[in-house]
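The next block holds one structure in the form of structure tokens; read it before the comments.
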Amino acid sequence: MRPSGRQLDELRAVRIEAGVLRHAEGSCRIVMGGTEVLCAATIEDKPPAFLRGTGLGWVTAEYGMLPRATQTRTRREAAAGRQQGRTIEIQRLIGRALRAGVDRAALGERQIVIDCDVISADGGTRCAAITGGWVALRMAASRLMAARLVTSDPILDHVAAVSCGIYAGQALVDLDYAEDSAAGVDGNFVMTGAGRLVEVQGSAEGATFGRDDLDRLLGLAAGGVAALVAAQKAAL
């Protein structure tokens, strides 16, 4: 039995509210159980320096956690003068994940920055940021199309992510903090709307795991991502 009482293949309640920020080219608030993330997309009219003259665009991300997103206050990284390694790793993951669903040639020489700020953390913040970040990205791309700044849709497919793991010997999807902190195996699965894998992050936190365990986690992830893609569509 899961601490939350959910079924092994049951996601937490998911809510995605689009267009929550007045000034951003795309935005949403995504809530997955006790995890809440605010995502915003900003269109910049020039690409990073390393892409100038290539005709290609770029999607990147920044990720942060508000001081009281967790049970105890986390010091602002700006006050410490540098980002933590975990923050850098997560925002690079978000950027890689979202670029997998973008035609960078169709985007043209511009950059879209996705800001992901965690308001409340209860496990799966990076997965929620990817899922909500795609909604903000989709809205920004639609603005480019409406303004006829691109000649074709730069969005190739949905991208969403969900955590899966093995807790108390059972494979389950969408771990909350109570499950994540005690899981023997912990993983994050990023997939497209077509079910293609973008990235798999997994590690044995306790005992090692077998190929059959991984196959079960992949199956759970596919079902979870399909439900999240449906939530993205409903939000838009």
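Quick notes
- Packing-based exposure ordering (other Cβ within 10 Å, fewest first) of His158, His23: His23, His158
- The Cβ shell under 13 Å around Gly123 holds other residues with a net charge of -3, Lys and Arg each +1, Asp and Glu each -1.
- The residue list Ala235, Ala194, Met145 was ranked by how far each Cα lies along the charge dipole of region 14-235 toward its positive end, using unit charges on Cβ atoms, and Met145 comes out on top.
- Inter-centroid distance (Cα atoms) of region 91-163 relative to region 1-57, Å: 7
- Fewest-first ordering of Ile112, Ile119, Ile30 by other beta carbons within 10 Å of each residue's beta carbon gives Ile119, Ile112, Ile30.
- Calculated mean residue ellipticity at 222 nm for the chain: -10000 deg cm²/dmol, from DSSP H runs with n ≥ 4 weighted as -39500 (n - 2.57), summed, divided by the residue count and rounded to 500.
- Rounded to the nearest 20, the Cβ-based charge dipole of the chain about its Cα centre (Lys and Arg +1, Asp and Glu -1) stands at 660 debye.
- DSSP-defined beta bridges in region 14-235 - what % are antiparallel, rounded to 5: 85
- Within the chain, the longest segment free of exposed loop sites, counting trypsin sites (Lys or Arg not before Pro) that fall outside DSSP classes H, G, I, E and B and have at most 15 other Cβ atoms within 10 Å, spans 83-147.
- For region 34-159, the spread of Cα positions along the three principal axes, ordered from largest to smallest, is 48, 29, 21 Å.
- Here the chain yields Rg over Rh of 0.98, to two decimals, using C-alpha coordinates and the Kirkwood radius.
- For the chain, a Gaussian network of Cα nodes joined below 10 Å ranks Ala106, Ala136, Ala121 by mean-square fluctuation, and the top entry is Ala106.
- If only the Cβ of Lys and Arg carry +1 and only the Cβ of Asp and Glu carry -1, the dipole of region 147-222 around its Cα centre is close to 320 debye.
- The ranking of Val102, Val135 by Cβ neighbour count inside 10 Å, starting from the fewest, reads Val102, Val135.
Quick note: the coordinates plus some simple rules give every number you see, no bench work behind them. What you see is a predicted model; the values in this text were computed from it and never measured. No Cβ is skipped: glycine too gets one built from the backbone with ideal geometry, and neighbour counts run over all protein chains shown.
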